[in-house]
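Presented below is the structure to which this report refers.
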Amino acid sequence: KNINGLFVGNTAQTIISNLYSNANSISGNFIGNRVDSSVIWNSEASAIRNISANFSGNYLAEDNANSPYDSIISNRNFISSITGDFIGNRHEGRSIYGGMIGNFGIINRISGNFIGNSTVSKDIVRGGVIGNAGYIVEIDGNFIGNTAAGHNASIVAHVGSPIEQLNGTFVNNVVKAADIDYPASIINNTLSSIKNINGLFVGNTAQTIISN
């Protein structure tokens, strides 16, 4: 099945829920939606071949965003590729593993522009833009002017799981740690789970650029 649409100003738990199903492609524009869980949710035992979409000004609500599985795109099983622009989205919650993209399964490739997004938590922020607790083959992205704030905050992070290749331009991102015992970094690569990093880093603000 294929889904294409313009989704503007909706209030829902999830805009598209791929629940125990296989989807060939999801495409469109997601603008100014308010969600309690995710804009696109790919559940266990589900697969999406391709997501090609733009996400702008969406808000993942603070009062209900209490699951670490909540993200703008949340993957619990398999997505072959994600391509898109993520601009001016805001995610507020308790424990956040991937503010814009949270992966708990397998993603072959992520390619996009991540500009002016904000992820804020009173607890953990493992990847204000991308958080990986599964397996990602490759990420190619421009990360510009994003903000992440919370314990162990970062822009891109693994959660003990591998990313084979990360190619990125990181410009004017701001990462704030809520506690000095949980350092803020642009890339959290503890245990060296991101195997290859190729990046340009300009004008970022954090305690460390790459935590290795």
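A 1.4 Å probe run over the protein chains yields, for the chain, 39 Å² of accessible area per residue, whole-number rounding. Listed by chain and number, the lysines whose C-alpha is less than 27 Å from the C-alpha of LYS195, apart from same-chain residues fewer than 8 away, are LYS176. Using a 1.4 Å probe on the protein heavy atoms, what percent of the accessible area of the chain belongs to carbon and sulfur? Of the solvent-accessible surface of the chain, carbon and sulfur hold 47 percent.
With the convex hull drawn over the C-alpha atoms of segment 139-180, the volume per residue is 69 Å³. Ranking GLU44, GLU164 by solvent-accessible area of protein heavy atoms (1.4 Å probe, all protein chains present), from largest to smallest, gives GLU44, GLU164.
Tell me the label-point distance for the pair TYR20, GLU138, using the 7 Å Cα-to-Cβ offset, in nm and rounded to one decimal. Placing both labels 7 Å along Cα→Cβ, they lie 3.5 nm apart.
Can you give the FRET efficiency for LYS1 and ASP123, using 1/(1 + (r/R0)^6), R0 = 25 Å, r = Cβ-Cβ distance, to the nearest 0.05?
The computed FRET efficiency comes out at 0.10.
Using only Cα coordinates, the Kirkwood hydrodynamic radius of segment 20-126 works out to 13.5 Å. Ellipsoid semi-axes for the chain, based on the Cα gyration tensor and the rule √(5λ), read 24, 18, 15 Å when sorted largest first. Annotation: THR14 carries an accessible surface of approximately 30 Å², with a 1.4 Å probe and no ligand, DNA or RNA atoms counted. Comparing Cα centroids, segment 1-74 and segment 139-170 end up 20 angstrom apart. So what is the relative contact order for the chain, in percent, with contacts set as C-alpha pairs under 8 Å and at least six apart? This gives 13 percent for the chain. Kindly identify segment 75-201 as rounded, prolate or oblate by the Cα gyration tensor criterion: order the square roots of the eigenvalues as a ≥ b ≥ c, call it rounded if a/c is under 1.5, otherwise compare a/b with b/c, prolate if a/b is larger, else oblate. In terms of gyration-tensor shape, rounded. Where a ≥ b ≥ c are the square roots of the eigenvalues of the C-alpha gyration tensor, would you call segment 107-154 rounded, which needs a/c under 1.5, or, failing that, prolate if a/b is larger than b/c, or oblate? Cα axes put segment 107-154 in the oblate bin.
The values are calculated or read from the model by the stated rules, or taken from the named source; none is laboratory data. Predicted model, so just to flag it, every value in this text is computed and none were measured. As a convention, Cβ positions derive from the backbone with ideal geometry for all residues, glycine included, and neighbour counts pool all protein chains shown. These area figures cover heavy atoms from the full protein model, side chains too; ligands, DNA and RNA do not enter into them. Shrake-Rupley method; radii C 1.70, N 1.55, O 1.52, S 1.80 Å.
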